[in-house]
1. Simple spin-label model, 7 Å along Cα-to-Cβ: Ser325 to Glu195 in nm?
2. Which order do the peptides 105-113, 457-465 come out in when sorted by mean C-beta neighbours inside 10 angstrom, highest first?
3. Rounded to the nearest 500, what is the chain's calculated 222 nm mean residue ellipticity when only DSSP H runs of at least 4 contribute -39500 (n - 2.57) each, over all residues?
4. Mind checking the full-extension length gain between Glu171 and Ser459? Use 0.36 nm per residue of separation minus the Cα-Cα distance, one decimal, nm.
5. Could you check the spin-label model distance between Asp366 and Asp127? Points 7 Å from the Cα along Cα→Cβ, value in nm.
6. How far, in nm, would the chain grow between Glu105 and Asn473 when pulled straight, counting 0.36 nm per residue and subtracting the alpha carbon separation?
7. If you fit an axis through the alpha-carbon atoms of helix 91-104 and take the longest principal axis of the Cα set of the chain, what angle between them do you get, 0 to 90°, nearest 10?
8. Taking the Cα centre of segment 328-476 as the origin, how large is its charge dipole in debye, to the nearest 20, when only Lys and Arg (+1) and Asp and Glu (-1) carry charge on their Cβ atoms?
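Every read-out reported here was derived from the displayed coordinates using simple, explicitly stated rules and does not represent laboratory data. Here the structure is a predicted model, which is why all the values come from computation and not from measurement. Positions of Cβ are generated from backbone atoms using ideal geometry, with glycine treated the same way; all protein chains shown enter the neighbour counts.
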Amino acid sequence: MALKAKGVGDFEEGNRRAEEGDWLGAIAAFDHCLARQPDDWQALANRANARLRLEDNARALDDYLAAAALNPASASIKNNLAVLLKDLGELALAGDLLSEVLALEPAHRDAWSNLGVVRQHQLRYQDAIACFLKAIELGGATAGLCNNLGNVCTSALLLDDAISVLQGGLEMAPDDANLQFSLSIALLLAGRYAEAWPLYEARWRSILQPLHAGPRWNGEALEERTLLLWSEQGLGDSLQMARFLPRLRAEHPRARILLACPETFHRLFSQFDGIELLPVEAEPAYDCQLPLMSLPGVLQITLETLPTAVYLRAVETPAQPLPESSRLRVGVVWESGRWGVGIADAWRQHKSVPPEKFAELCRIPDVDYFALQPGALPAELEGLVSQPSIGDFADTAALLEQMDLLICVDTAVLHLAGAMGKPVWALLRAESAPFFLAQGERAPWYPAVRLWRQPVPGSWETVLLDVAKALRNERAI
């Protein structure tokens, strides 16, 4: 459709295209408008909105700043700029902007809601709850606000409140995938697995895109058919769900079972008899398929029926064994890895212990520390921690076999050590994680894993002091 010739027509065309979700078309229309009227702050702001939808953050920021310079009093520009700053991880700036908006317009509902999101990312959960409640007070409950409020209640481990709010949202919008998925996380934390698994499938309509299509396996007899299982999320999830592979092989002896997973697992997973391993990007022929994280639901796993026996062992590896020593050998993992930039990486950063704090733990005498995570050692840990060569998870398993203890944050090596039955002290965020329940010292999926939980969100000091004391006692035995 041709753009209208006049500047006003271009502006209207841009808005229409934006309403239709045609963000590229909207940007083109606003480009025409701004070519005629470079000081049109509304066109700049609307183009910024479209660019934000396309995650073109750098140019969206330029447009918002230009629009704000032309109209510094605009609450809508400040509100939307704050959303972008939040995405970029600039939480303090985003919070300040939204506070400015609310000082001038106390009834600005979107600003209250956006400030709630910022406060949640700042781990200020009670403040976030107050913001979302204010937004609901101003304009009534919506599916989006119920989802935000339910999520922050989950983060604060107010699980009864979270479940109630999210169920209330689903009464208004029964098919809302975000609400369904959020409710599944709260239910998993509460140990209510039977209720959680069906809702957990909503992840495919909310946060994830499936790698494979075709008939889904629902637990029926496979006979001689081919089942494709495939990794879908993090490395730890694949290790966690591998416990079900021997059961599937035993219950469906004539079936062909394929597993498409990262190749870092292939040597380690070769110990599963009758499971054919493929690269994660493989596209084999199959009769039915299932993502790995859907296995517990298909198998109707509850806390009472959860299999917890050891299911992985070290396999032969060319890696050299560690030298003999009478000292306690402790494997360490202080970082949960990196995932994107800005706010996309924030939750993983919260799961990690800063190296300068972790270093205090590694100064306990008569203990040999070994880094079981890849990458160069941070300067703070040099001279305190040895770093053996690790090529894949088979190498990691071989090293774990030689450890007396693993001290780690919530990451893949925790799942590997738990699967091997090795003693693990896991350093856990106050918010916990879906498969570690909201409280308790033991991990239900891994009996050998002891959980050390933050008493306050974001604070590792107490955890590290307690772990250090326990390690000194361990060394004295």
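1. 4.8
2. 105-113, 457-465
3. -14000 deg cm²/dmol
4. Here the segment from Glu171 to Ser459 would lengthen by 100.0 nm.
5. 4.6
6. Value of the extension gain: 126.7 nm.
7. 30
8. Value, rounded to 20: 360 debye.
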